[in-house]
Each structure stands twice: as C-alpha cells, then as structure tokens.
1. Kindly provide the set of residues from the stretch 210-228 that are among the acidic types (Asp, Glu) and either surrounded by fewer than 20 Cβ atoms within 10 Å (Cβ to Cβ) or in a helix (DSSP H, G or I) (or both), ordered by number.
2. Looking at 251, 309, 288, 247 in this structure, which one is acidic (Asp, Glu) and more than 25 Å from residue 199 (Cβ to Cβ)?
3. When residue 32 is evaluated against the numbered criteria (1) among the aromatic types (Phe, Trp, Tyr); (2) out of contact with any helix residue (DSSP H, G or I) (no Cβ under 7 Å at 6 or more places or on another chain); (3) over 15 Å from residue 151 (Cβ atoms), which criterion, by number, is the only one it fails?
4. Just checking, which of 336, 325 is over 30 Å from residue 223 (Cα atoms), of a type outside the set (Gly, Ala, Ser) and touching a His at 6+ places or on another chain (Cβ under 9 Å)?
5. Taking the stretch 103-123 as the region of interest, how many residues are under 20 Å from residue 52 (Cα atoms) and loosely packed, with under 10 Cβ neighbours inside 10 Å?
6. What single numbered condition from (1) touching an Asp or Glu at 6+ places or on another chain (Cβ under 8 Å); (2) assigned to a loop (DSSP other than H, G, I, E, B); (3) buried (at least 20 other Cβ atoms within 10 Å of the Cβ) fails to hold for residue 301?
7. Looking at the stretch 36-68, which of its residues are part of a helix (DSSP H, G or I), aliphatic (A, V, I, L, M) and surrounded by 19 or more Cβ atoms within 10 Å (Cβ to Cβ)?
8. Inside the stretch 204-250, can you point out the residues that are basic (Lys, Arg) and in contact with a helix residue (DSSP H, G or I) (Cβ under 8 Å, 6 or more places away or on another chain)?
Amino acid sequence: MTGATHARRVFSGVQPTGGLTLGNYLGAVKRFVAIQEDEAWETLYCIVDLHAITASWPGREGMRRATREMAAAFIACGLDPARSILFNQSQVPAHAELAWIFNCVARMGWLNRMTQFKEKAGKDREAASVGLFAYPNLMAADILVYHATHVPVGEDQKQHLELARDIAQKFNNDFDAPDFFPLPEPMIEGAATRVMSLRDGTKKMSKSDPSDMSRINLTDDADTIALKIRKAKTDPDPLPDSPEGLEGRPEARNLVNIYAALADRSPAEVLAEFAGQPFSAFKPRLAELTVATITPISARMRELLAGPEEIDRILSEGAARAAAIAGPILARTHEIIGFIRSR
C-alpha cells in the first residue's frame, strides 16, 4: 500500500508512435477523462517521446508530428489541459535523471524477466538497444518522479508496474528512506479495458498491426468505421442472453464489450437487448454508436492540428507544471543519496 503522506496522484504515459485507436480510447483515454472529473485526484498525462526512440526513430519531423497528433487526440477526447497536466516527457529532464538512479537500483535479473522486451527484441536480442532493455526503469522514473500513487494500465503493462513497485521499495530500503517513494497501485477496470483486434479476438487491438482493418483509428471517417465493423470477424451463432454464453467466442465477446463501453452499459445489459439476434442486426447498431463517438473526435483533432502552435503552447505549459512537481522530489532524492547540490 502507498504511504498515507502521499497525495492521490495519477500518472499515465503513451508513446507517440502513430495515431490512437478505439482500443486506446476505450481502454485508457476515456478513463483519463473520467478521472480528471474527480477533484480528489491530481492527474498527469505524458506523451513519452523518450520511450519512442528505444527501437526506431521516425525522423525529426515524424517525431514532432506524432507528438502533436497524440496531444491533439488527448484533447479531442476530452482531456482538459487546465484540469490535467498534459506534456511531453523530453521537456522534463527529471525523468531521465531519475531513470539513471533507478538503473543503479534495479537488477539485471528483474529486467531479464520482462516479457515485453523479449517480444519486442525478437530473436536477435544482441541487436536491441540498451534503451529498449532498460526502458522499464525509465517507466518507473516517469511514475515515481511525481510520487504518483496510481497508474491506469492494461493487463500487458502490469508487469512493468510491479517492477516500478520493486524499484521504489528497494530504493526506500537501500537508502534508508522509508515510504519516500510510494508503491503505485494499478487502476484496471471497465468492460473494454482490453479491446481486441477486429480480425482476431485473441489479440489486442494495436496501432502497430499490419492490417488497418484490425482496428478503428480515431481519425477514421464514418464510412471507414462502418466498413470495418461490417467486415469484423464474428461467428455464425446468434448473440446469447448472458455473458456466460460468450465463452469460447472471442470475437463476439469483443464486439459486445466495445458496444458496452461506448454505451456506458454492462455487457449483460447489451446482451439482454440483443439476445437471439444475429450479428447482421447487431453490427449496424454498433457501427452507428461508434461513428457517433469517433467522428466528433476526428473533427476536433483536425481543428487542433491546423494550429500546431497552440498544441506546442499547451505542452510547454504542461511541462512547466510537471517540472514544478518533479523538481522538489528529485532534489530530495539527491539529498537522500548524498549528492552535493549547489544552493
């Protein structure tokens, strides 16, 4: 559990490696917006551009474009820069500085167990960058440099959050600083926390999937959204009358979960309405609901991206607010370790 002295603070980061999908919106951004409505929470949302160069570099202009597109998507989805701190990671050097300290706290054996490194590095691990191997330490620094107590994560990120907790605990123990770093808790909830591919219900919807038909992008127009849902993989059986009837039917479960999340209803409520109906009746309703949700976001993103100077201003102001929180925490970290700092 986190220490009682730590404020309730939420941190989450998303890489600027391509546009957001419906999965990102339902599994993360929609919840970000809901959390900021609760004044009990302080919320920081970061575009983690330092993480974005661990495997490849999209080019100078590609990096800038992707960062602005991510910021525009956040704002278009309802994130309010006045209530939440929205910024890009590289503008706050405290992230990288604390990451180095955590490189000296974390152990090689811990990082060797990280399954995502094995997946991303593939067979030729020797060719992977040091950054890709050590980026869970930077992820821990992203969270702990703000003394964040809670992190909205998907199931695939729980291992990295556990590592952040281990690093925080080891730092506190090694440097005789009980409860200095909180042990951040995961925030995992919702019917569509893990939205799956429209082509394979056993795989997560991903912006990196080679098939554009596997996902709905927040920039898709109404016709494209309707086509993708119409072509989404299903099975020949009608919809059941309860969630138990979706066992062994991953594509059916996925579409029901998407509908439930978009409509702010439970899967059971959705199935009660559509029980016994074929997907030929369900899909048009799902498409209509998805279009009604996504097209206003797409329009707002286009409007924001037409004036990139405003996006840059929002990110700069957010970075200044983030640095005001991180600075004293990093300074205290230095004091705990025994680094001499000029005053």
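The values are calculated or read from the model by the stated rules, or taken from the named source; none is laboratory data. Keep in mind that what you see is a predicted model, and the values were worked out from it rather than measured. Please note: Cβ atoms are built from the backbone with ideal geometry, for glycine as well, and neighbour counts cover all protein chains shown.
1. Kept after step one, since they are among the acidic types (Asp, Glu), are these residues of the stretch 210-228: 212, 220-221, 223.
If the condition is that a residue be among the acidic types (Asp, Glu) and either surrounded by fewer than 20 Cβ atoms within 10 Å (Cβ to Cβ) or in a helix (DSSP H, G or I) (or both), then 212, 221, 223 are the ones that fit.
2. Working: 251 fails: more than 25 Å from residue 199 (Cβ to Cβ); 288 fails: more than 25 Å from residue 199 (Cβ to Cβ); 247 fails: more than 25 Å from residue 199 (Cβ to Cβ).
Of the residues listed, the single one that is acidic (Asp, Glu) and more than 25 Å from residue 199 (Cβ to Cβ) is 309.
3. Result: residue 32 passes all but (3).
4. Details: 336 fails: touching a His at 6+ places or on another chain (Cβ under 9 Å).
Result of the check over 336, 325: 325.
5. Step one: of the stretch 103-123, the residues under 20 Å from residue 52 (Cα atoms) are 103, 111, 114-122.
Going one step further and asking which of them are loosely packed, with under 10 Cβ neighbours inside 10 Å, we end up with 119, 122.
Number satisfying all stated conditions: 2.
6. Residue 301 satisfies all of (1) touching an Asp or Glu at 6+ places or on another chain (Cβ under 8 Å); (2) assigned to a loop (DSSP other than H, G, I, E, B); (3) buried (at least 20 other Cβ atoms within 10 Å of the Cβ) except (2).
7. Applying the first criterion (part of a helix (DSSP H, G or I)) to the stretch 36-68 yields 36, 51-53, 60-68.
Cutting the leftovers down to aliphatic (A, V, I, L, M) gives us 52-53, 63, 66.
Matches in the stretch 36-68: 52, 66.
8. First, the residues of the stretch 204-250 that are basic (Lys, Arg): 204, 207, 215, 228, 230-231, 233, 249.
Selection gives 204, 207, 215, 228, 230, 231, 233.
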